[in-house]
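The values are calculated or read from the model by the stated rules, or taken from the named source; none is laboratory data. Quantities reported herein were computed from a predicted structural model and do not represent experimental measurements. As a convention, Cβ positions derive from the backbone with ideal geometry for all residues, glycine included, and neighbour counts pool all protein chains shown. Just so you know, the surface numbers come from the protein's heavy atoms only, side chains and all, with ligands and any DNA or RNA stripped out. Shrake-Rupley method; radii C 1.70, N 1.55, O 1.52, S 1.80 Å.
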Amino acid sequence: MSILQPIRLTRADQIPPLGTGKDAGPEDKLWRELMLASSGFALPAAQAWPQYCARQVYDKPSSRNWPTVAAAAWYYADPGRAIDGRTPAQWWLDWSGWQLGGKSGPHLVRKSAEAADWWARWNADAAHRDAAPAALQIFGSDEVLSSTYDGMTIGAAIAALLAARKHGDADTEVALSAALAVWVAVTALAATAPSTEIKVYNLAGPSFPKVPDNMNVPAVLGIGARSTPNHAAADPRALLLADLIEWPDARHPWPAREPFNYWFLHFSALCNGDYGLAPELTADARAAVAADDPAALDRLAASLEGTRWAGFEIRRWPGLAAGIMAEARNFNTAWVPASVARPNGLIELWFPWPKAKPGNLSSGKASIDGTGSIQVVSGFGTLPGLQLPAEPPLRHWIFDPDGFRPAGEPTPGIPKAPETPKDPGRTDQDPPKKPIDVPPVAAPTLEERVKTLEDEVRALRAAVAALQAQR
C-alpha cells in the first residue's frame, strides 16, 4: 500500500495555481503539466515541456530533473510526436539504457525475458549507445541520490512507466523497470531501518529537526548531490523506497496534508505495488534495510555491476551505515557531503554551507581520515568530526566514474565515463521552501570574477583561522 492515496482529479483547477515570483519556475510548470496530461486534461497553450526534451539539454550544465518530468508529460500529452528524431518512448528507452551502462538492471525485472530481449536489441544498435550525453553515462547523472530532486526524477520515471503500460509499449515498460531496479538497489545499500532522531552539523552548531510523529520509512543516508538536510524529515528517497520495496506498515503524515507537494507519490500509488521489479529484488532490499543481511547486501551490490557513478562511498557495520560524497558533483546548489544512520537511533548529516546556493562549492571536502574519523570542511568553516567504529566495516563499496566495486577490488574494466561540465551556478538568495532550479547563467564579467576570487580568498582565510583556533 502506498504512503499516499492517488490524487483523483475531476477538474483542472483542482491543481494549485502556479506560484509567483521565485516559485513560478520550470519545476512548477512541468509537474503541473504532467499531472494535467496524465489525468486527461488539456494543457495550457504555452507549454513548458517541449523545450526540455531535446538531447542537447544534457550537453550543458543544467538541472537534470527537468528533462525527466518534461519527457513524462510528453509521453502523455503527445506520444506520437518526435523531437530530435525520438518519440517519448524512445527517449525513455535511451535514458534507461544509457544509465544502466553494462549489464545491470534487466535481470532484476519481473518480465526478465522481455527485458533481456529489449536490452540485447538496444545494445546491438550502436547509434543508441554512442549517442549518450556525458551527463547520462553515469547513473543518476550529477544529481545522484539527491534528497531534493530524486522525487522529481524517479517520480517522472514511474509516471513514464504508467504511460508505457497505457500505450502498450512493452520495451519502454521493461526498460524503465530496469532503471528503477538499479535505483532501488543503490538506495537500499544506503538505507537502514527507521531512525528516531535527526542531527545536523551546521556552521552555526548542531540542530535537531523534529521527526514527524507516526512516521515509518527507511532512513536513507543524507549524502547526495544537490541535497539539503531540510528534507531529512520527509526525504523523497525514503518515501519512494518505502513504496517500491513494500516496506511493512510504511507511513508518513505529511503527504496526505500536502498531496501536490508529493506528487511523485501519486504516480507511485497508481502502480498499485507493481513497478515491474523482481520479487527477489524487493525482498533483498527489505532484508538489507531492516537487518543488515550480508547475503542480501551482496546480491544487491552484484546487481550494480556495469554501472558508473558520480563519486561516493558507503560503509556498513552492523547497526550503522556511513556515506561520504567527497566533492561537489553539480554546481547549481550545495550538497550533503557526509551522513551516518543508526537504526532506531540517530541519523546525522553534515552541511558545511551557509545556504543552499553559497558559491565556492569547490571548497567543500569530505573524507574519513586515518583514524577512522569523518572530516567535513568548506571555505566557510570546518564541522565537528565523528569517530567511526574501529573494526572494519561489514561492507564497503566505491561508486565512481570507473564503475561500481567493493573497496579493495581493482577498478572494473570498462571505459571511464567523461566528466560532465561544471557550472559555478548562481550564488544569490536562499531558495524557497520548495527549491527551484535555475538555468545556466551568462559568463561572468571581469569585475565579477575578481570579486568572486576576493570572496574565496576571504573564505579561505576564515577557514585557516578556524583551524588555527582549534589547535
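For this structure, a couple of remarks:
- D (Stokes-Einstein, µm²/s), Kirkwood Cα radius, the stretch 116-191, 0.692 mPa s at 37 °C: 240
- As a length-normalised measure over Cα pairs under 8 Å and 6 or more apart, the relative contact order of the chain settles at 18 percent.
- Per-peptide packing, taken as the mean over residues of other Cβ atoms within 10 Å, places 188-194, 44-50 in the sequence 188-194, 44-50 from highest down.
- A Cα-only calculation for the stretch 299-344 places Rg and Dmax at 13.0, 36 Å.
- The stretch 60-187 - charge dipole about Cα centre, Lys and Arg +1 at Cβ, Asp and Glu -1, debye rounded to 20: 120
- Across the stretch 1-150, Cα-Cα pairs more than 27 Å apart make up 30 percent of the total.
- Other-chain or far-sequence residues with amide H under 5 Å of residue 224's (modelled H): 336
- Percent accessible area from carbon and sulfur atoms, the stretch 149-207, protein chains only, probe 1.4 Å: 52
- Long-range amide H partners of residue 105 with built H, under 5 Å: none
- Couplings 3J(HN,Hα) for the stretch 196-208, derived from phi with the Karplus relation 6.51 cos²θ - 1.76 cosθ + 1.60 (θ = phi - 60°), are 10, 8, 10, 10, 10, 8, 10, 4, 8, x, x, 10, 10 Hz, where x marks Gly and Pro.
- Inter-label distance, residue 214 to residue 396: 4.4 nm, where each label sits 7 Å from its Cα along the C-beta direction.
- Farthest toward positive dipole pole in the chain [+1 Lys/Arg, -1 Asp/Glu at C-beta], among 15, 36, 124: 15
- Each residue of the stretch 273-278 is assigned a 3J(HN,Hα), and the resulting list reads x, 10, 10, x, 7, 5 Hz, derived from the Karplus form 6.51 cos²θ - 1.76 cosθ + 1.60 (θ = phi - 60°), x at Gly and Pro.
- Rounded to the nearest 20, the size of the Cβ-charge dipole of the chain about its Cα centre is 620 debye, with Lys and Arg at +1 and Asp and Glu at -1.
- Two-site FRET efficiency, residue 260 against residue 202, from Cβ-Cβ distance with R₀ of 30 Å, rounded to 0.05: 0.50
- Equivalent ellipsoid semi-axes - Cα gyration tensor, the stretch 81-233, angstrom: 34, 16, 14
- Solvent-accessible area of residue 215, all protein chains in place: 50 Å² (probe radius 1.4 Å, heavy atoms, ligands and nucleic acids excluded).
- For the chain, hydrophobic long helices are taken as DSSP H runs at least 15 Å long by C-alpha position along their axis with mean Kyte-Doolittle hydropathy of 1.0 or more; these are 170-189.
- Extension gain for residue 233-residue 367 works out to 45.8 nm (0.36 nm per residue, less the C-alpha to C-alpha distance).
- Residue pairs, from the table 29/365; 60/355; 29/103; 60/103; 60/111; 210/365, whose Cα atoms sit over 30 Å apart: 29/365; 29/103; 60/111
- A dipole drawn for the chain from +1 and -1 charges on Cβ atoms has a positive end, and of 191, 96, 336 the residue lying farthest that way is 336.
- Hydrodynamic analysis of the chain uses the Kirkwood radius over alpha carbon pairs. Inserted into Stokes-Einstein at 4 °C and 1.567 mPa s, it gives a translational diffusion coefficient of 58 µm²/s.
- Protection-proxy order for peptides 3-16, 259-272, each taking the mean of Cβ atoms within 10 Å per residue, highest first: 259-272, 3-16
- Percent carbon-and-sulfur accessible area, the stretch 270-380, ignoring ligands, DNA and RNA, probe 1.4 Å: 51
- Residue-by-residue Karplus 3J(HN,Hα) for the stretch 51-61, coefficients 6.51, -1.76, 1.60, Hz, glycine and proline x: 6, 9, 9, 6, 4, 5, 4, 7, 8, 9, x
- Per residue, the convex hull spanned by the alpha carbons of the stretch 15-92 comes to 93 Å³.
- Excluding ligands, DNA and RNA, the accessible surface per residue across the chain is 40 Å² with a 1.4 Å probe.
- Mean separation of Cα contacts under 8 Å, 6 or more apart, over the residue count of the stretch 1-108: relative contact order %: 21
- With R₀ set to 60 Å, the beta-carbon distance separating residue 387 from residue 45 gives a calculated FRET efficiency near 0.50.
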